[in-house]
1. Quick one: grab Rg to one decimal and Dmax as a whole number for the chain, Cα atoms only, in Å.
2. If I model a spin label as a point 7 Å beyond the Cα along the Cα-Cβ vector, how far apart are those points for residue 199 and residue 111 in nm?
3. Testing the spin-label approximation: label points 7 Å from Cα along Cα→Cβ at residue 54 and residue 273. State their distance in nm.
4. Nearest 500 deg cm²/dmol is fine: what mean residue ellipticity at 222 nm does the chain get from its DSSP H runs of n ≥ 4 alone, each adding -39,500 (n - 2.57), divided by its residue count?
5. When only alpha-carbon atoms count, how far does region 63-151 stretch along each of its three principal axes, as whole angstroms with the largest first?
6. Over the chain, what is the relative contact order in percent, taking alpha-carbon pairs closer than 8 angstrom and at least six residues apart?
7. What number, in percent, do you get for the relative contact order of region 48-137 if the mean sequence gap of Cα pairs under 8 Å and at least 6 apart is divided by its residue count?
8. Would you list 189, 241 from fewest to most Cβ contacts within 10 Å?
């Protein structure tokens, strides 16, 4: 089995708690010779909304250093800005992309986008749940959408080959991004609002906009986003959200963005080692293996490869 996971918060836990990436407490497990699959993990540094811009920027650079050190120590191949993802992914049991959750990390400095790109950042989630210099998160009650700085930031991210991620965006910010973007964008860890009526989930229209523009969407394992009865949420809710997106024509769009180490998981999932069980669950429900491979890694791999090939610079 091969897997690309678009989002986890393991790096944040590693930095703030001074823990190794392969600490036993982590939901995301570093694979060893006994594991029968290869994995590319997107490691996000989460920036809390209550941070000042200076503190957010400082945390980013701490995370950059920590991820590089831990990848070397754990024999994880950290993909750089000029590396070919296909080669790295297929030739290494563990590989990683560096991502950012909350554009507050930019500290309102447009020049930081180039710096982040040079640091190997592949994707930036524009907001977390509140307002930041880019725009409004999903918890803002009267969202105003993208700011003038946010418009410049999206254009600069596209210029420097950083993927725009609208998970956590308010609906207003989502539609502003859809209007101004010139390249495909993603929702790295967002589910279906039709299946689970949560403001953090995507409407059918939003999913279709991402899909029609060549983007991807990662199914999130947070129990509150998986089920309207979260205390009874289980891995079959992952199947429900996937099936709904597939019914919208999302065969080439659906991926995984687990949110491991950043959320309360369903009652029957405790770590990333259970992705094999989820793979088998799809097969038991009469999914063709060719489609399961698309969901588990091919859609994300193709997206990343195409995005790199279409770079503006």
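1. Cα radius of gyration and Dmax of the chain are 17.7, 51 Å respectively.
2. 3.7
3. Rounded to a tenth, the inter-label distance reads 4.4 nm.
4. Helices in the chain give a 222 nm mean residue ellipticity of -11000 deg cm²/dmol.
5. 47, 25, 23
6. Relative contact order of the chain: 18 percent.
7. 32
8. Fewest-to-most Cβ neighbours within 10 Å comes out as 241, 189.
FYI, it's all coordinate maths here, none of it is from the lab. For clarity, every value in this text was computed on a predicted model and none was experimentally measured. Here the Cβ is made from the backbone with ideal geometry for all residues, glycine too, and neighbour counts use every protein chain on show.
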